[in-house]
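Following: one structure in structure tokens, then a few remarks.
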Amino acid sequence: IHFGVESGSPRIAELSDKRLTVEDHRRAVALARRVGMETLCFFLLGYPDETEEEMRQTVRLAKELNPTYVSFHRISPYPGTLLYDALPPDTRDLFPVFAGGDEDRRNVDRLVRRALRSYYVRPRYMLWRLLRSSPPSLWRQLRLFAGYFR
């Protein structure tokens, strides 16, 4: 089951009009895992005015929730979202890449890569995957993981 957690920061969740709290996500992921479901949580980094500490807070929440898989992404202001509507009209793109400047985008991309590494290269997670996966599944996962760092 996939969860759009998005942020570990209550301030960012409120700014993005996220109607679920961090505690709601904790309960939902725990319940799914308790009944044997694999879980994937999506997180977004780089919301306008989001601090680096708030982004680290999101990474800490990912580790606390400990889903089967995580996906960290840079936030993009897609049409129809509050973030897109907040952009000045002359900066709105149909296929947006990021809601900030190039330097901010590079910093967020660096944090996304660091977040992925810090999540998946934890001894607890690696041991759990080794004990739970078949060799072909492990091979696919290793190739996918390596692709994040090319």
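Rolling a 1.4 angstrom probe over the stretch 1-108 with all protein chains present gives an accessible area of which 54% lies on carbon and sulfur atoms.
Rolling a 1.4 angstrom probe over the protein heavy atoms with all chains in place gives the chain an accessible area of 62 Å² per residue.
Sequence-ordered 3J(HN,Hα) estimates for the stretch 77-87 from the Karplus curve with 6.51, -1.76 and 1.60 and θ = phi - 60° stand at x, 7, x, x, 9, 4, 4, 4, 5, 7, 6 Hz, glycine and proline given as x. Each of Ser9, Val70, Gly36 was placed along the dipole of the chain (beta-carbon charges, centred on the mean Cα), and the one lying farthest toward the positive end is Gly36. Couplings for the stretch 95-108, taken from phi via the Karplus curve 6.51 cos²θ - 1.76 cosθ + 1.60 with θ = phi - 60°, read 10, x, 9, 6, 9, x, x, 4, 5, 4, 4, 4, 5, 5 Hz in order; Gly and Pro are left as x.
Annotation: amide H-H contacts under 5 Å for Leu45 (H modelled 1.01 Å from N, sequence separation of 5 or more, or interchain): His73, Arg74, Ile75. The alpha carbon centroids of the stretch 73-117 and the stretch 35-62 are separated by 15 Å. The peptide list 89-98, 19-28, put in order of mean Cβ contacts within 10 Å with the highest first, becomes 19-28, 89-98.
Here, the chain yields an orientationally averaged convex hull projection of 9.8 nm² when only Cα atoms define the hull.
The values are calculated or read from the model by the stated rules, or taken from the named source; none is laboratory data. It should be emphasised that the depicted structure is a prediction, and the values quoted were computed from it without experimental measurement. Heads up, the Cβs are rebuilt from the backbone with ideal geometry, glycines too, and the neighbour counts pull from every protein chain shown. The area values use the complete protein model at the heavy-atom level, side chains included, leaving out ligands, DNA and RNA. Shrake-Rupley method; radii C 1.70, N 1.55, O 1.52, S 1.80 Å.
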